[in-house]
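Below: one structure, written as structure tokens.
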Amino acid sequence: MKIDQAYSGNVFICSSEDYENSKAVIYGMPMDYTVSFRPGSRFGPAHIRQASVGLEEYSPYLDRSIVDLKYFDAGDLLLPFGNASRSLDIIREYVEGLLADGKIPVGLGGEHLVTWPVLEAMYKKYPDLAIIHIDAHADLREQYEGEPLSHSTPIRKAAELMGGKNIYQFGIRSGSREEFAYARENINFYPFEVAAPMKEALPSMGSRPVYVTIDIDVLDPSAAPGTGTAEAGGITSKELLEAVHAIARSSVNVVGFDVVEVAPIYDPTQQTPIVASKLIREMLLGFVK
């Protein structure tokens, strides 16, 4: 099912033109209306697709090639600029349509608030859902400067919807005192590092359905300068790939995933969309069985 809010443009490498027989569907969420520092992530999806042209089809990590995997790139959703509430509704409705068609949603952001309506749709279909959240920031605020629709709030909204103990956070190294206190009490909270605690936590998730959301700013700015809220002291792209591969080799059932907060305007070298496109390739090959 192709939905009216999506349009076709440049596509992720090796995407199929056959929606009906594709297991996964890539879609862009070009929204950056609520960011607290630097805008520009609405251009992330297009640049991730463009960077994918430089990828090899084969993953030596997973010994799989994306030419053997059928997935569809729907393009970017048409979101009304500046209208966060309506944009979130459009995203939710789109993902509900994908899930009704039996597809695995693969989101390209966009600011991290775009993940919130996706999680609403995922939880509606999978009431035993777990969330793996990889990020520099806790995103556990109830509001930011009086605004509850903020890119600093999606994981708090998810915790209130589905219970914080169904959420696993990794790599967090920035947030308010209150956010860290809330995380330690209510979330499965693994700050600062990603790969090692991921391997520790995955067995506790068993074979339950999991949604994976990655904010590119979990990487150190030296590895990914093209993001709106860069945070020093981050991990390497090698460690992030190691964590993704750990998820892929575990028993969890990944039912959807996204990569968000790529803001290419701050990275003239394009290394940020380059690493994001490789992440998407590895997640497709590792998560879509």
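Here are the numbers for the structure shown:
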quantity: Rel. contact order, % - alpha carbon contacts under 8 angstrom, at least six apart, the chain; calculated: 22 percent
quantity: Cα-centred dipole magnitude for the range 73-231, charges only on beta-carbon of K, R (+1) and D, E (-1), debye, nearest 20; calculated: 460 debye
quantity: All Cα pairs of the chain, percent lying beyond 31 Å; calculated: 17 percent
quantity: Sparse-neighbourhood loop sites, GluC sites (Glu not before Pro) in the range 116-206 - DSSP loop, at most 13 other Cβ within 10 angstrom; calculated: GLU145
quantity: Reciprocal mean inverse distance between Cα atoms of the range 102-188 - Kirkwood radius, Å; calculated: 13.2 Å
quantity: Charge dipole (debye, nearest 20) of the range 138-256; +1 at Cβ of Lys and Arg, -1 at Cβ of Asp and Glu; calculated: 460 debye
quantity: At least 20 Å along the helix axis (C-alpha) and Kyte average at least -1.0, DSSP helices within the chain; calculated: 84-100, 271-287
quantity: Listed residue (PRO127, LEU140, SER174) projecting farthest to the positive dipole end of the range 83-187, Cβ model; calculated: PRO127
quantity: D_trans [Stokes-Einstein, Kirkwood Rh over alpha-carbon pairs] for the range 15-74, 25 °C, 0.890 mPa s, µm² s⁻¹; calculated: 181 µm²/s
quantity: ALA24 long-range amide H proximity, modeled H, under 5 Å; calculated: PHE72, ILE104
quantity: Selected from ALA196, THR269, SER251, residue furthest toward positive end of dipole (the chain; charges at beta carbon); calculated: SER251
quantity: The range 196-279, accessible area per residue, ligands and nucleic acids excluded (1.4 Å, Å²); calculated: 33 Å²
quantity: Sequence-distant lysines (8 or more away, or on other chains) whose Cα lies within less than 30 Å of LYS125; calculated: LYS2, LYS23, LYS70, LYS103, LYS157, LYS165, LYS199, LYS278, LYS289
quantity: Centroid-to-centroid separation of the range 195-234 and the range 10-58 [C-alpha atoms, Å]; calculated: 19 Å
quantity: Average Cα contact separation per residue, the range 7-113, under 8 Å, 6 or more apart, as relative contact order %; calculated: 47 percent
quantity: Å² of accessible area per residue within the range 10-77, as computed with a 1.4 Å probe and no ligands counted; calculated: 44 Å²
quantity: Two-decimal Rg/Rh across the range 197-289, once Rg and the Kirkwood Rh are taken from alpha-carbon atoms; calculated: 0.99
quantity: The range 96-115 versus the range 235-258: alpha-carbon centroid distance in Å; calculated: 18 Å
quantity: Largest to smallest accessible area among PHE192, PHE12 [probe 1.4 Å]; calculated: PHE192, PHE12
quantity: Solvent-accessible area, 1.4 Å probe, carbon plus sulfur percent, for the chain; calculated: 50 percent
quantity: Calculated Rg and Dmax of the range 162-235 using C-alpha coordinates, Å; calculated: 13.1, 35
quantity: Estimated distance in nm for a label pair at LEU78 and GLU57, the labels positioned 7 Å out from Cα along Cα-to-Cβ; calculated: 3.3 nm
quantity: DSSP-assigned coil residues among GluC sites (Glu not before Pro) in the range 22-112, each with at most 16 further Cβ atoms within 10 Å; calculated: GLU56, GLU57
quantity: log10 of Debye I(q)/I(0), alpha-carbon scatterers only, for the range 1-123 at 0.16, 0.17, 0.19, 0.20 Å⁻¹; calculated: -0.77, -0.86, -1.04, -1.13
quantity: Tail weight of P(r) past 19 Å, computed on alpha-carbon pairs of the range 62-122, percent; calculated: 36 percent
quantity: Rounded to the nearest 20 debye, dipole of the chain from Cβ charges on Lys, Arg, Asp, Glu; calculated: 460 debye
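The values are calculated or read from the model by the stated rules, or taken from the named source; none is laboratory data. These numbers were taken from a predicted model, which means no experiment stands behind them. In this analysis, Cβ positions are derived from the backbone assuming ideal geometry, glycine residues included, and neighbour counts consider all displayed protein chains. Just so you know, the surface numbers come from the protein's heavy atoms only, side chains and all, with ligands and any DNA or RNA stripped out. Shrake-Rupley method; radii C 1.70, N 1.55, O 1.52, S 1.80 Å.
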